[in-house]
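Novice: Mind having a look at this structure? Questions to follow.
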Amino acid sequence: MAEPLLSIRGLEVTFRGAGRPVPAVRGIDLDVAADEVLGIVGESGSGKSVTSLAMTGLLPGTAEVRGSIRIGGVEVTGAAPEVLRHMRGRDVGMIFQDPTTSLNPVLPIGRQVTEGQVAHGLLRTAEAPGRAVELLAEVDIPDPAGRALQFPHQFSGGMRQRAVIAMAMAGRPRLIIADEPTTALDVTVQAQVLALLRRRQAATGAAVILITHDLGVIAETADRVAVMYAGKIVEAAPVAEIFARPRHPYTVGLLKSLPRLDQEARRLVPIQGQPPTPGAIPSGCSFHPRCPIGAARERCRSEEPVLRAAGPSGVAACHFTHEVEALLAATPEANAAVSTPRAAPAEPLLVVDGLRVHFPIRRGLLRRQTGLVRAVDGVSLEVRAGETLGLVGESGCGKTTTGRAIMGLIKASGGSITFAGQDITRLDAAGLRAVRRHVQYVFQDPYASLNPIRTVEEIVAEPLHIHGVYDAMGGAGRVARLFDLVGLSRTMLGRYPREFSGGQRQRVGIARALALEPRLLILDEPVAALDVSIQAQTVNLLMDLQAELGLAYLFIAHDLSVVRHISDRVAVMYLGRIVEEGTRDELYARPVHPYTQSLLSAVPVPEPGVSGRRIVLEGDIPNPASPPSGCAFHPRCYRATARCAEEAPAFVPYPGLATRVACHHAGPLTADELPAAPAANEALA
Amino acid sequence: MSASQRPALVAARRVLARKGAFMAASFLALMAIVAFLAPWILPGDPLTQNLRHALEPPSAAFWFGADELGRDILTRVVYGARTSLVTAMGAVTIAGLIGVPIGLVAGFYGGWRDAVLMRLVDVILALPGILFAMALIAVIGRSQLAALVAVGITGIPSFARITRAQVLSLRRRDFVIAVDALGGSASHLMFKTILPNSWSPILVQVVILAAVAILLEAALAFLGVGIPPPTPSWGEMLRTGKSYLYEAPYYAVLPGLVLTLTILSLDTLGRTLATVLEHRQGSTGEPEPEGQRL
């Protein structure tokens, strides 16, 4: 192996704030060779982002860095600011998570892309505009000459991230650090950006460090993987090896807690407990309290394992590596409540018919209405008692607005919503209040949805007080039983939300939603903000609660794997409309709408080498204020014909399946519609 | 970690942990206590004249000297603190009780209520405080009430605007929508969910307006249109003291010093509160150390 481009030895990062010093990175060794993509996986708090910031010397002043980081033979730790600045511009390019905040809103894109080069004296000012156009063309931005003069707000999310990639690559850096580069993007756009990143990497031969929590992205993009936990690398191996035969119990746990598109539905096996906070890392092996192997072992509790060779070319930090294989093979208990399509009860609990929610756009001094955002434009769906309907779509498709309109939080502009046989769109405030007892909402962000100045007991009791049934429903005892139900300890009752982790807060949110014994829960991305292992715990909890309490769920999400895991039926939304709806198994096995097909094909599968053939959709989701004519999907559709641009398709049953679909050319995917070769490899050639 | 402490207590502790704020708060607390207990701890009366001691320099009997009518200056400064304190509390109460509900309703409902209420507030905002106070005094005569009401009314816009801004940003937060989704009534949302989360900037405004009120009261008295004599007032003492600046320089010094320290303390406290509360708001998320959720 050639001399590594990046070499990290014994890196430790400690934050010294007001309180005790907090170790964020606790001694890692890492090598990355030129032309190699190293994936770093870990949950929040594992120290992966801190590591990447340390490499570029971008850590805040409160961070104390020890150890050695050498990039191309130059020591980074303790280097003078001038050396670092030089290095950042020429040797290292960075791609951050959120392209909306990593671009300067007042500079034209073209100038930003070459700004660094000009500042480093690598490019003359006169040549900069021409070079900018070249760079934008290299990242597939259409009309690069025109786009170079535009500002970030005129770019869509995916285009911005391409511009950021162009900027990072402008100086032909030898190392690119990409920190969650696609986390803020939709799945179809993520596929484009990953393919692009891979292609540019191959073209320039740069080394890439890809930091992500998404194992699918890793499997698809990385050559080698390092798994981080509690500030240390616990396992590192080539990508194929780590997915096929992981050697650390934590890696096994991550893989087993992941809902997957490519496997039969099974009960998820979450890693028990919560990830440690850097301020309170367990003694010995930091993973032992959550480990099925080490939890009861004295050695794991007292002695910290070191990274040792494990497998053909990997390393793992575990005292009992040889036992890990058995762990991977072990299947969960047989009585697991796997969601199976139930016999449909006759009466639907919730019927939404032709729901429309339009927001006026007002401009100018007189606030005259100049347009209409058709956030939801004719959505029809049904949820039966005790079943889960998954509502999937990318950001901006109107799925959250649909959920909130059903809840009565946003006024519907048209259509009807019937709950338990009663039309609730025309109810007055008192009537709506009564209905709301039976329909409850769980929010995406557990950090924002709990009132920070109330104890969690007060938060869970609030619905009981609002409806004046606190004493009637058992008062404090009821709240304590709700805590038991969602798996929270009663000792936590008097605490404030800030003292809880994300997964625990989401449990508080669920307990609050259950307080009034509702019949329908609207779950708006309830696990999207949670780490993989916590996500699995929450999904299992939701499925257990459904089985126990006979709840109906409207499960709104963008993650197709999670939706497949939890749903009985699935509806796919695009730009304010449902384009396809069917039973879970049919929809995932035989999607007939081109949008569903491309969505499913865009999901990165956590299995290296599997997902070669993929439909990569062009462009972005259009603005719902000016949707395309006819079928809203036609500008991105590979089956679109002249008819699609003129006539909006009706939402009708598809012959032979229990599926309803809105497409003029609905039908299963044919072999010649898939690209012949994997997009990434094509570019390599 | 401080387990399960009320967020308000945590914030208070953080404010007092700063040296400047601690000293300011101590000074203000001392002033308030002395002013409140004045009749019991001070031997003299602020109104007792004794012309034989007129303009007497500081001595064992008159620690800070005596004024032109032989009254003890220290006693009058302490009683003057009562005047200032009452004016400040009264003005803040008026401004808060009217301004906060205006902002709450305007921000919560929006639409025509917002337009009407906030235009009304703009009208008040256009009134220069001291001129408005003098006009009011011209109508209802010199009294403590006039100064207090004038400052209170001119303080309404700041409370209304700050509260409205808070409501507008909180209204879209998930935890407020959550209560809406539970079926909480408008008053429940406004008074039990939004208002308790809005106290930080309102509290800062209370401190700032208190300083403004004290200063304005002193200014009115200095101009001779404030609280009528013989009631002791710092501004009135400064006004008379300046006539004897050569014969009895100590006359104006003590009231001036106490006034300056009071305003300085309120200002320090206000600024520290703003810094600490803002920081707390920013980190309502995890109790994590920085650098973890990068």
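Readers should treat all values here as calculations from the given coordinates under stated rules, not as data from a laboratory. As the structure is a computational prediction, the values presented were derived from the model and not from experiment. Backbone-built Cβ (ideal geometry, glycine too); neighbour counts: all protein chains shown.
Novice: Taking the Cβ-Cβ separation of B:S185 and A:T418 as r and a Förster radius of 30 Å, what is the calculated FRET efficiency to the nearest 0.05? Working shown, then result.
Specialist: Working: r = 25 Å, r/R0 = 0.83.
After rounding, the FRET efficiency stands at 0.75.
Novice: Something else now. How far is the Cα center of segment B:57-91 from the Cα center of segment A:425-454, in Å?
Specialist: 58 Å
Novice: Of all DSSP beta bridges located in chain A, what percent are antiparallel, nearest 5? Intermediate values should be presented prior to the final figure.
Specialist: Numbers: 59 of 95 bridges.
If I count the DSSP bridges inside chain A, around 60 percent turn out antiparallel.
Novice: So if we plug the beta-carbon distance of A:H322 and A:R111 into 1/(1 + (r/R0)^6) with R0 = 41 Å, what FRET efficiency do we get, rounded to 0.05? The partial results should precede the final answer.
Specialist: On the way: r = 57 Å, r/R0 = 1.40.
E between A:H322 and A:R111, to the nearest 0.05, is 0.10.
Novice: Between B:R18 and A:L84, what's the calculated FRET efficiency when r is the beta-carbon distance and R0 is 35 Å? Round to 0.05.
Specialist: Numbers: r = 34 Å, r/R0 = 0.97.
With a Förster radius of 35 Å, E is 0.55.
Novice: Here's another thing I want to ask about it. Would you tell me the mean number of C-beta atoms belonging to other protein chains that fall within 10 Å of each C-beta in A:403-409, as a whole number? All intermediate terms of the calculation are to be shown ahead of the outcome.
Specialist: Values: counts 0, 3, 0, 0, 3, 3, 4.
Shielding by partners across A:403-409 averages 2.
Novice: With each run of n ≥ 4 DSSP H residues scored as -39500 (n - 2.57), what mean residue ellipticity at 222 nm is computed for chain A after dividing by its residue count and rounding to the nearest 500 deg cm²/dmol? Could you put the intermediate results ahead of the total?
Specialist: Values: 23 runs with 213 residues, N = 685.
Here the helix-only value at 222 nm equals -9000 deg cm²/dmol.
Novice: Please report, in debye to the nearest 20, how large the charge dipole of segment A:348-582 is about its Cα centre when each Lys and Arg carries +1 at its beta carbon and each Asp and Glu carries -1 there.
Specialist: Working: 27 positive and 24 negative charges, 193 e Å.
My answer is approximately 920 debye.
Novice: Let me ask another. Where does each of A:286-292, A:270-276, B:119-125, A:530-536 land if you order them by average Cβ count within 10 Å, highest first?
Specialist: Values: A:286-292: 21.7, A:270-276: 19.1, B:119-125: 14.4, A:530-536: 24.0.
Final packing ranking: A:530-536, A:286-292, A:270-276, B:119-125.
Novice: Test of understanding: ordering A:S380, B:S187 by Cβ neighbours within 10 Å, fewest first, what list do you get?
Specialist: In order of increasing Cβ crowding within 10 Å: B:S187, A:S380.
Novice: Tell me which residues come under 5 Å, amide H to amide H, from A:R26 once H is placed; ignore anything under 5 positions away on its chain.
Specialist: Sorted by chain and number, the residues that satisfy this are A:V13, A:K232.
Novice: Fewest first, what order do A:D423, A:D672 take by the number of other Cβ atoms within 10 Å?
Specialist: Numbers: A:D423 12, A:D672 7.
Going from sparsest to densest Cβ surroundings: A:D672, A:D423.
Novice: Starting from the Cα-Cα distance between A:L549 and A:T183, subtract it from 0.36 nm times their residue separation and give me the gain in nm to one decimal. Mind showing how you got there, number by number?
Specialist: Numbers: separation 366, 0.36 × 366 = 131.76 nm, distance 3.43 nm.
That pair, A:L549 and A:T183, stretches by 128.3 nm at full extension.
Novice: How tilted is helix B:73-109 with respect to the longest principal axis of chain B? Cα atoms for both, answer in degrees (0 to 90, nearest 10).
Specialist: The answer is roughly 20 degrees.
Novice: Further question on the same structure: In segment A:348-582, what % of DSSP beta bridges are antiparallel (nearest 5)? Please list the in-between numbers first.
Specialist: On the way: 25 of 43 bridges.
Taking every DSSP beta bridge with both residues in segment A:348-582, the antiparallel ones total about 60 percent.
Novice: Tell me, B:W199, B:W63, B:W40 in order of fewest to most beta-carbon neighbours within 10 Å? Write out the running numbers ahead of the final one.
Specialist: Numbers: B:W199 16, B:W63 12, B:W40 6.
Ascending number of Cβ neighbours within 10 Å: B:W40, B:W63, B:W199.
Novice: Report, as an integer, the average count of C-beta atoms from other chains found within 10 Å of each Cβ along A:461-470.
Specialist: Taking the mean over all residues of the peptide, I get 3.
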